[in-house]
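What follows draws every value from the coordinates through simple rules; no lab data is involved. All values derive from a computational prediction rather than experimental measurement. No Cβ is skipped: glycine too gets one built from the backbone with ideal geometry, and neighbour counts run over all protein chains shown.
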Ligand SMILES: NC(=O)c1ccc[n+]([C@@H]2O[C@H](COP(=O)([O-])OP(=O)(O)OC[C@H]3O[C@@H](n4cnc5c(N)ncnc54)[C@H](OP(=O)(O)O)[C@@H]3O)[C@@H](O)[C@H]2O)c1
């Protein structure tokens, strides 16, 4: 099962550029930097603390105008992760930089970070990547268009574009334990509603495995092995912390952002066999239980 690791270790060093150096990309970039890769990325707003905290070079890209000095910053890039959600004008990276990216001499691999919203509501059924996407939300429709735009931008080139449909991301710094301690954890009660999660480091592992086994146009469900209700995760985290879980809030009366409401309106379980059979990945955190326990252990060790 660790075959991909050997393949990855034998890969030549690369140069990763992340459009949207957020939660997922920053963790991945740090792992690759430890392997002596060159890493850099973009954020919308840059201040000294962002630069100093991580020492990963960060460049400004607001999605509203081209990135300055793009040709120079991207010249040696071999791998790109696109982590910026599409907006009303489509994918902002392709909008301003498609021609720049197609002209890069060393680019080999692109990972587009998408969402299971492209499948639409499946009323709790299990969805495999081969099933036809059928987005019901604006968010899902924009994502599907962006997935297709990224793949077709590199059709017929030597660059391999993969699509990763990420379930609910959690990890150190973004998780139910910290929400409970901060008093911000909520249980949204919608009977029958479940979804998968994914630990941020399992995402990194899956992306690296794909770099070792590129497959142009391939989509991957990036999820753990247990879809469940949001309350299950919060209650488990509360148990770990010996705290009382919050009182459930009925979905119909919950104050939710439009994005959260569209998220909870749909229900699906993700089939995760492809990341295992095709990419050879063994999840370090097959359910939220292993993930949260590890996060708590690390928090306690650091305290
Ligand atoms: N969170 C989840 O559970 C989840 C689930 C499925 C899919 N996704 C998607 O997967 C990707 C990675 O998720 P994540 O949670 O790691 O992302 P994240 O932490 O929110 O990071 C997103 C990055 O994109 C940048 N960005 C956002 N909107 C932008 C815009 N309009 N123009 C330019 N830059 C923009 C952000 O800039 P700043 O750093 O300046 O904010 C940030 O660096 C995202 O596309 C997300 O939508 C997330």
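Sort the following peptides by mean Cβ neighbour count (other Cβ atoms within 10 Å, averaged over residues), highest first: 77-90, 196-209.
196-209, 77-90
Please give the calculated 222 nm ellipticity per residue for the chain, where each DSSP H segment of at least 4 residues contributes -39500 (n - 2.57) and the sum is spread over every residue; nearest 500 deg cm²/dmol? Before the final figure, lay out the partial values.
Details: 12 runs with 117 residues, N = 303.
Calculated from helices alone, the mean residue ellipticity at 222 nm is -11000 deg cm²/dmol.
Quick check: the angle from helix 200-212's long axis to the longest principal axis of the chain, C-alpha only, nearest 10 degrees?
Long axis of 200-212 versus the principal axis of the chain: about 30 degrees.
Given R₀ = 30 Å, FRET efficiency for residue 182-residue 100 by Cβ-Cβ distance, to 0.05? Before the final figure, lay out the partial values.
On the way: r = 41 Å, r/R0 = 1.35.
So the FRET efficiency works out to roughly 0.15.
Provide the three semi-axes, in whole Å and in decreasing order, of the ellipsoid equivalent to segment 144-303 as defined by the square roots of 5 times the Cα gyration tensor eigenvalues.
Over the Cα atoms of segment 144-303, the ellipsoid semi-axes are 31, 20, 13 Å.
Rounded to two decimals, what ratio of Rg to Rh does segment 159-236 give with C-alpha atoms and a Kirkwood Rh?
Here the Rg-to-Rh quotient is 1.07.
How far is helix 230-241 tilted, in degrees, relative to the longest principal axis of the Cα atoms in the chain, given as a value from 0 to 90 rounded to the nearest 10?
With rounding to tens, the tilt is 80 degrees.
Note down, for segment 123-176, the three equivalent ellipsoid semi-axes (square root of 5 times each alpha carbon gyration tensor eigenvalue), biggest first, whole angstrom. Display every interim value, and only then the final one.
Details: eigenvalues 119, 63, 28 Å².
The answer is 24, 18, 12 Å, longest axis first.
Of all beta bridges DSSP finds with both residues in segment 120-272, what is the antiparallel percent, to the nearest 5? Present the calculation step by step, with values, prior to reporting the outcome.
Values: 2 of 13 bridges.
Taking every DSSP beta bridge within segment 120-272, about 15 percent pair in antiparallel fashion.
Using just the C-alpha positions of the chain as equal point scatterers, what log10 of I(q)/I(0) does the Debye formula give at each q in 0.07, 0.09, 0.13 1/Å?
-0.27, -0.45, -0.98
Let me test this: with uniform point scatterers at the alpha carbons of segment 78-156, what is the Debye-based log₁₀ I(q)/I(0) at q = 0.12, 0.17, 0.23 1/Å?
Ignoring solvent entirely, the Cα scatterers give -0.38, -0.70, -1.09.
Normalised by the number of residues in the chain, what is the relative contact order in percent for Cα pairs under 8 Å and 6+ residues apart?
19 percent
With axes computed from alpha carbons, what is the tilt in degrees of helix 288-302 against the longest principal axis of the chain, rounded to the nearest 10 within 0 to 90?
The angle comes out near 80 degrees.
For segment 9-162, take N as its residue count and report Rg(C-alpha) divided by 2.2 N^0.38 Å.
Numbers: Rg = 16.2 Å, N = 154, 2.2 N^0.38 = 14.9 Å.
The reported ratio for this selection is 1.08.
Restricting to bridges with both residues inside the chain, how much of the DSSP beta-bridge set is antiparallel, in percent to the nearest 5?
10 percent
Show me 189-195, 253-259, 242-248, 12-18 ranked by packing, highest mean number of other Cβ atoms within 10 Å first.
Packing proxy ranking, top to bottom: 12-18, 189-195, 242-248, 253-259.
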